[in-house]
Every structure is written in C-alpha cells, then in structure tokens.
Amino acid sequence: MRTGGQHGGDLSTPTLARARLLTVVWLVSSVLSVVLLPLVGVAREDVTLLRVTGVVGVAALFAAQLLVMWSAVTPWASASLHRRAQGVFVAATIASLPMVAPVAVDRWATWAWLGASVVGTAPLLWRWSTTAVVAGAVTATSVVVALVLGGDWTTYAGITLGFGAGLALLNSAPVWLWELLVRADATQQAGARAAAARERNRFGRDVHDVLGHDLTVIALKAELAARTVASDPATSARESEEVRALAQAALGRIRGALAAERHADLAGELAETARVLATAGVRSEVDAQPLPLSPPAVDVLSMVLKEATTNVLRHSDAQWCRIALDADEGRVRLTVHNDRPGPDGSAAGSGLTGLRERLAAVGGELVVRREPDSFLLCATVSVDHG
C-alpha cells in the first residue's frame, strides 16, 4: 500500500503533522488491542519455557508491526526501507509459529489472535488483492496449528479471519486519509512552485524587453568606437559618448522597471495574493478601496502584504484569510487577518521587525495581535504619505 518518494520528507503544515500523529496513535491502539490477547494464552500456560517463548514471539511481532506502522505514515522514505519493513514483518510472523503456537493451545487460541493481528496489519504493506491472499494463508496456517496441536480449528479460523478482517478495515481507514492529505499537500506545494516560476519568467521577459534593444545598440556603438579610435578619433569619441548616454538611459529604464515592480498597482498585488492563497487552499476575502498612494507607501505596503502572506502560508494552519485596504481618520490602513495561527514565535520574526522600521520611515506603524484562534496584522501610513 505504501511506496517511497511521494513527499519531500517534511511536514509542511501543522495539520499534516497532527494527522500523522493521530494516524500513528490509531494504528498502535488498534493493533495493540489485538496483540495483547495472545498474552492471555501466555498467562494460562503452565510450562515456563513456553511462557518465555510466547512473550518473545508476541513482542517480536509487535515490534515488527511498529516498524510497519512507521513505514505506512512515512511515504517519503526510500523504497528499500519499505521493503525492509515488509521483510522484518514476514520474518517475525514466521518466527512466531514455533514460539507462540504451542502456548496454551488447549485452553486459549493463542496463535489465532496473533494471526488476526497479522491479517489486520497486512493492508499497511500490500494492496487489497495481496492482503486477501495473505489473509487466506494466515487463516490456513491457523487451522493447521489447531489440527496439529489439538485446538479447535473452527475457533482458530473464526478468530484469525473474522477479527483479522475487521482490524484490516479499521487500520486501512486512517492510512487512506493520511495518504489523501499527503497528496493534497504535495499538490499545493507544486502549485506554489509553478506560480513562483511563472513570476520569475514574467520578470525575466520584462527585463529582456527593457534591456535587449539598448544592449544591442551599445555593443554595436562600442565596437564602432573601438574600430575608429585610431583612424577617426572624433567619430570614436562621439560614439563613446553615445554609448555612455545609452548606458545611462538603460540604467534609468531598468531602475524604472524595478520601481514599477515595487510600486505596482496595489490592487494588482492584492489580486495576486488572493490567487496565491487559493493555490495553497486558503479561502481569502479581499476588500480594497481604490486609494491614491505615493510610491514609498505602495512599496512598504506591498512588502507588508508579502510578509503577511508568507506568515499565513509558512507559519500558520490557516483555512481563511481576510485582507482589507481602507482609509480612516487620515490614515491608510492595510489589514491581514487569518485563523489558526502558528506558534508565538511567528509573530516576532526579523521580517516583521524590518517592516516596522520601513513603516516608521514613511510615518507609519505596524500592529500585530495574536489570539488563540486568530492572527491580525495591521499596517498604517498617514494620508500625507499616501
């Protein structure tokens, strides 16, 4: 059921980490409840040697099952590690036969309960078709154990197959849900990477459009100046001066392009933020009034918006986010409010410290309010700077 290399190897959101922990607790609890039942047979066994081998066999199989559970909730581990988990589990199951099967065979279906645990663990390792084969083989083995050692074969078969099938269904449900979460998280990360790549490509095209022609002309004129420096110094000097003028003009244009990038229409920045949040699976609401803002104000508010969006995506487990831009009592205000905030440290990072300094430079301020179920970031600048 598990294959390696499906995820990057980190739990990128608190939800994913909690889901993994809950899945592990579920699996351990359900398997442990069945593994403890063979110990009832161990307690009823009078022969000390059989008691010892019974405890060792049950403990070894449970340890192998713990490894299988870890494998089931760690899809980013290598395929070889998953194969090792399968091998250890199979080996522990085979080894349990001589150690556990003879224990209290006439008073308790000891190995039958262990066989049920094996059947219940099988879906964590194999597809359902293979699990059905494993269930049939383990049930047949349980029947043989009963016939050879003098137990009731119908009881053995019923326990192994009946309880084993129920445990298999019980164990497969949380792992299936866990896999859906992992795939959804991977899809969100891929979408975010694609959006970033598109933005890089767009900016690269913009720079090419701004500089491509100017650099071509500069290269041609520089070549002409170099060729005529000896034969026609006046022409060479004139071309050199034109190269200087073109270079200055190109530098001005690239600075203008970068400034335009920084001071872009804030409404466009807000729309792009909404798209990024949607890609990450966060419901967003944007309420922005059209306000005339100076380039420095747009610059710093855009940085606040980007930093706030980064905090929502990286330091919270938000399901919704509300962004508002308005003016009130001589102040332009940008508010970002989301639910399910991250740890306390997410509100005091160096990014927010830098934003406070930049806002102060344009007469603004930053207010951060963290509550148990929400996180609010509010940046204001004076209308004079707008």
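For residues in region 66-115 being outside any helix (DSSP H, G or I), out of contact with any helix residue (DSSP H, G or I) (no Cβ under 6 Å at 6 or more places or on another chain) and of a type in the set (Gly, Ala, Ser), which is least open to solvent (accessible area, probe 1.4 Å)?
Checking each candidate, the answer is 77.
I'm told residue 299 meets every condition in (1) at pLDDT 80 or above; (2) surrounded by 14 or more Cβ atoms within 10 Å (Cβ to Cβ) except one. Can you identify the failing condition by its number?
Single failed check for residue 299: (1).
Given the condition β-branched (Val, Ile, Thr) and under 20 Å from residue 145 (Cα atoms), answer yes or no: does some residue in region 73-80 qualify?
Here is the first cut: in region 73-80, the residues β-branched (Val, Ile, Thr) are 73-74.
Now restrict to residues that are under 20 Å from residue 145 (Cα atoms): none.
No, region 73-80 has no match at all.
Restricting to region 53-81, what's the tally of residues that are over 20 Å from residue 117 (Cβ atoms) and either at pLDDT 90 or above or out of contact with any His (no Cβ under 7 Å at 6 or more places or on another chain) (or both)? If you could, list the steps in order and put the result at the bottom.
The initial filter retains those residues of region 53-81 that are over 20 Å from residue 117 (Cβ atoms), namely 74-81.
Subsequent filtering for residues that are either at pLDDT 90 or above or out of contact with any His (no Cβ under 7 Å at 6 or more places or on another chain) (or both) retains 74, 77-81.
Residues flagged as over 20 Å from residue 117 (Cβ atoms) and either at pLDDT 90 or above or out of contact with any His (no Cβ under 7 Å at 6 or more places or on another chain) (or both) within region 53-81 amount to 6.
The values are calculated or read from the model by the stated rules, or taken from the named source; none is laboratory data. Keep in mind that what you see is a predicted model, and the values were worked out from it rather than measured. With ideal geometry, Cβ positions are generated from the backbone for all residues, glycine too; neighbour counts draw on all protein chains shown. Ligands, DNA and RNA are stripped out before the accessible areas are found, and what is left, the full protein with its side chains, is counted by its heavy atoms. Shrake-Rupley method; radii C 1.70, N 1.55, O 1.52, S 1.80 Å.
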